[in-house]
Structure formats: structure tokens, C-alpha cells
């Protein structure tokens, strides 16, 4: 019983820190208005290279290219470049038929998105472009996608993360559940962070880099979580990642837990690997600079995903029920109340129709149990770092 009580206290303490940290950003997202930056050359148009890393993406690549060709930006200032990386399907053929630049790469040793991006940047004339945008091969963007990045560049911003959400289809309950999580992440958490003058993470999709950033750093991140690794390297180098939710991109979510499992294994293992490698460097930088913003980067780095947070909360509920400790019950109810407020903030900002997402919400308990199993398995097998592609389906 003593061990159970100590475990409960530790778990409740962790859950408390997590929700209080997020509530701060929820308050900021509602109360702080974005600063307007006046620029002299506000309507200057920059030349963009849109990079699409693609490994066997014949099912969805064509739609992505068609969508990018229709965006509201001068076509003579935009080059779409598909990186057909170790493909044995029709990916390269589709790219060529769509009359976009197609770079074909075959390397069975250097496998993964990071290697593909590094190789492609070595083949491209960097000086031809003002900025580089990275988009996944299963992505649909909004009409003003490049216009938003263009305005940010005119304001002097050099690294920008756009909105990276999911495409919601009627029969994909996992996508609906992911969309609810996205609303909290993009409309509340990231919005609050940015309004408080804090950097946001790079998410792998809808990312924009100025020519200076590409020339200076290139892409030198090759882990399973290459996008997050690039973010950490840029932060350690003293760069700042800006946020623009109006540069909106959405991609397909796996429709089954079987397919989602592969994606989650990759993400979680990547997080563990990066934590082991980069956390000491971040701590040293934080201590040297005595900077609270650096401390925040560490906290943000360690912050678990929303589903993992609910997994922790579920374990806390089970522990409190088993122990029957009255103080722990009050503590737990306080955490649940704050979590409810945080969720409510997201639903209000995202203008969520609860009835539309009711079936997805009912799926949440099953998803949380599944996520606990996936996290546990990922921790046990994290040293197996082979990159695995998430299976695609027309029905996703």
C-alpha cells in the first residue's frame, strides 16, 4: 500500500505540472493579441521551392501536386520538386506526368526523409530561391498557404511552422479524434506559446525556411524523428521558430489502429532517441545562459502528447481508486477539472460541434488503452530504429 501511495503521489504531481503548464498557454491564447509588425516591403513576392519527400506515394501524390498548383500565388515564382526516394511504385512517373521537377534517389543504406532532403538540397540550385517549403506527399494546403509564408518572410521571419492538421473524413474516427487533438495543439497550446514569445516545434509538414537558413544549416537530421531533431539543432544554434496557423496544411490520418501503430512506434522511438542525445545539451545551454526560455524548451521537449497525458490520468484514476486516499481524490478531481477547462478552451477556439465528433469521443477510452500499450512497447524496443513507412489507403 505504501508503494501504491508513493506511486500515486508521483503520478498526480506529474499530471498537475503538465496541466498547469498548458493552462498558462490556454490563458495566453485567449487574452493576448498578436503583435502587428509593419514592414516597408510588405507585398514583395519571394520565389519558393516546394519540396515533397515521397517514398512510394502513388496513391495520394497526384492530389497533392494538383492542390499545390491551384494555390493563390504566382506560378512563375513557385517550383514544385518531388523527391522520389527509393520508390518502386509509380511515384516518379506521376510526378513527371504532372510536369513538376522530379528528383529520383536510390540509396538502400541511407534510408529516410532526412537523407532524402539532404540529398535533394545538394542537387538544387539554392541561389535560385528565396525560401524552401517542405510538404508531405499526402497533404492538402489552403489557397493562401504561400502568401502567408511570403508575408512572414517580409516581416523578417526565417523559420516558420504552419498549421499541420489532419483531413477529416466521415468514416475515419481516428482522424476525428486526431482533429480534436490538433485543435488543442494549434489553437490553444502553440498559439499561446507564440503569443508569449516562445518558439514552436517543427512538425515535419508545412515548414518554411529562408535561403539563409538552408545555406547555413542545410538539413542534417537523420534520426527517426528528423523534424524534431532539426528543431532542436536550430534552437541550440540560437535560431527561433515562428508560428503561422493561417498557412494551413492537412494530411491523411491512418484509418485503423493497425496502420496508426507503425506511425506511433516511429514517433515515440524518435522522441526517446532524441531525449537521450539532446536533453543534456539543452540542460547545459540553459544553465550557461540562465535563460527561462531555454528552460521552457526543455519542458516543451519533455511534454507528452495529449493521448499520453490521458493515459497518465487514467493510471492516476486507477491508482486513486485502489488506494482510497481522500486527499488524493481531491487532488485528482482538481486535475480533471483543469483538464476539462483546457479541453473546453480548445473546443471554443476551434468552434467544435461536439455532436459531429461524438463517435470519435466514445472511441477515446479504447484509444488511450491502445496508446498505453504502444508507448510501453516503444520504450522496451526503442533501440530498434529501422524507419517504417505508414501504409496509405484511398479510404484514409
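Read-outs throughout are calculated quantities, based only on the coordinates presented, and are distinct from any laboratory measurement. Just so we're clear, the structure is a prediction, and the values are computed from it rather than from any experiment. Every residue, glycine as well, gets a Cβ built from its backbone with ideal geometry; the counts of neighbours run over all protein chains shown.
Here are the numbers for this structure:
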{"item": "For the chain, calculated [θ]222 nm from helices alone, where every DSSP H run of n ≥ 4 adds -39500 (n - 2.57)", "result": "-17500 deg cm²/dmol"}
{"item": "Rounded tilt (10° steps) of 113-123 against the dominant C-alpha axis of the chain", "result": "20"}
{"item": "The chain: most fluctuating residue of 120, 376, 92 per GNM, C-alpha cutoff 10 Å", "result": "376"}
{"item": "All-pairs Cα distance distribution in the stretch 48-256, expressed in whole percent, bin size 10 Å", "result": "8, 35, 40, 16, 1"}
{"item": "Of 52, 368, 32, the one that fluctuates the most in a GNM where the chain has Cα springs shorter than 10 Å", "result": "32"}
{"item": "Percent of C-alpha pairs per 20 Å bin, the chain, short to long", "result": "25, 60, 15, 1"}
{"item": "Radius of gyration and maximum dimension Dmax of the stretch 295-334, Cα, Å", "result": "13.0, 37"}
{"item": "Spin-label pair residue 17/residue 171, simplified geometry with 7 Å Cα→Cβ offset, distance in nm", "result": "4.5"}
{"item": "Selected from 244, 56, 353 as most flexible by GNM, with the chain as the system and alpha-carbon contacts under 10 Å", "result": "353"}
{"item": "Nearest-0.05 FRET efficiency for residue 47 and residue 305, computed from C-beta distance (R0 41 Å)", "result": "0.70"}
{"item": "Angle between the chain longest axis and helix 257-289 axis [Cα atoms, degrees, rounded to 10]", "result": "90"}
{"item": "Base-10 log of normalised Debye intensity for the stretch 8-130 (one unit scatterer per alpha-carbon) at q = 0.13, 0.14, 0.20 Å⁻¹", "result": "-0.74, -0.78, -1.03"}
{"item": "Label-to-label distance, nm, for residues given as residue 72 and residue 128 (7 Å Cα→Cβ offset)", "result": "2.8"}
{"item": "Estimated FRET transfer efficiency when R0 is 30 angstrom, pair residue 276-residue 314 (beta carbons, to 0.05)", "result": "0.70"}
